[in-house]
1. Can you tell me which condition residue 70 does not meet? The list is (1) buried (at least 18 other Cβ atoms within 10 Å of the Cβ); (2) within 25 Å of the chain's Cα centre (by Cα); (3) not in a loop (DSSP other than H, G, I, E, B), and all the others hold.
2. Just checking, does segment 56-65 include any residue being assigned to a helix (DSSP H, G or I), surrounded by 13 or more Cβ atoms within 10 Å (Cβ to Cβ), modelled with pLDDT of 90 or more and not aliphatic (A, V, I, L, M)?
3. Applying the selection to segment 112-137, what residues are among the β-branched types (Val, Ile, Thr), over 18 Å from residue 81 (Cβ atoms) and in contact (Cβ under 8 Å) with a residue 12 or more places away in the chain?
4. Filter segment 87-132 down to residues that are open to solvent by less than 20 Å² (accessible area, probe 1.4 Å), part of a loop (DSSP other than H, G, I, E, B) and of a type in the set (S, T, N, Q), then give me how many there are.
5. Looking at segment 142-163, I want the residues that are buried (at least 16 other Cβ atoms within 10 Å of the Cβ) and at pLDDT below 70 and have a partner that is of a type in the set (Asp, Glu) and outside any strand (DSSP E or B) with Cβ atoms under 9 Å, at least 6 apart or on another chain. Which pairs are those?
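The values are calculated or read from the model by the stated rules, or taken from the named source; none is laboratory data. Since the model is a prediction, treat every value here as computed from it, not as a measurement. Because the Cβ atoms are built from the backbone with ideal geometry, glycine has one as well, and the counts that use them run over all protein chains shown. With ligands, DNA and RNA removed, areas are computed over all heavy atoms of the protein, side chains included. Shrake-Rupley method; radii C 1.70, N 1.55, O 1.52, S 1.80 Å.
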Amino acid sequence: MLTHLFLFVIIVILLYYYDSNKIGDSMKNNKGFTLVEVIAVIVILAIIVILGVGIYTNVYESQKEKTYENKVSMIELSAEKWAVEANISRNMTITVNRLVESSYFQADDFDTTNKVYVVNDPRDNASMLCNTIDISIDNGEVVAKLNDVENCDLKDEETDRAKVQIAAYEY
């Protein structure tokens, strides 16, 4: 669409100059552009910039949405793998934090100040560590579904449980 608009503008400008050169000899001695010509070029450039920014914004937003969908898919697959390897036989809810701490899902970063892993939603850069994952067993098959529900209390319990498990193995 943008290329069509660009071609249309080029054709209009060429036709304008072609017609203006036929007017007579008085136009041939003019040097420079008239105010109307300058304003027309500015308006055309403004339209092209507005269209370009709109297209860029749409592409950028759709790319962030696709990145989010890929991250959700990776989290759900990691949760299914965790449930299979942990021999989970009942429906349960875990957080993304449990997958990160169990090394089933790689965090985006590690915040050294707060000493926590960072998993961000690419759409709005919000933390996903407290998001819950419902794990269900359907006919012997593990199915995981990420929720937008946050439960940071569950995240803290998992962290404490992991610390206890590590401490239980110390001699």
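1. All conditions pass for residue 70, except number (1).
2. Within segment 56-65, the subset assigned to a helix (DSSP H, G or I) is 56-65.
Keeping just the survivors that are surrounded by 13 or more Cβ atoms within 10 Å (Cβ to Cβ) gives 64.
With the extra rule that they be modelled with pLDDT of 90 or more, the set shrinks to 64.
Filter once more, so that each one left must be not aliphatic (A, V, I, L, M): 64.
Taking every residue of segment 56-65 in turn, at least one turns out to be assigned to a helix (DSSP H, G or I), surrounded by 13 or more Cβ atoms within 10 Å (Cβ to Cβ), modelled with pLDDT of 90 or more and not aliphatic (A, V, I, L, M).
3. The one that is among the β-branched types (Val, Ile, Thr), over 18 Å from residue 81 (Cβ atoms) and in contact (Cβ under 8 Å) with a residue 12 or more places away in the chain: 116.
4. 0
5. Once the first residue is buried (at least 16 other Cβ atoms within 10 Å of the Cβ) and at pLDDT below 70 and sits in segment 142-163, its partners that are of a type in the set (Asp, Glu) and outside any strand (DSSP E or B) give 158/101.
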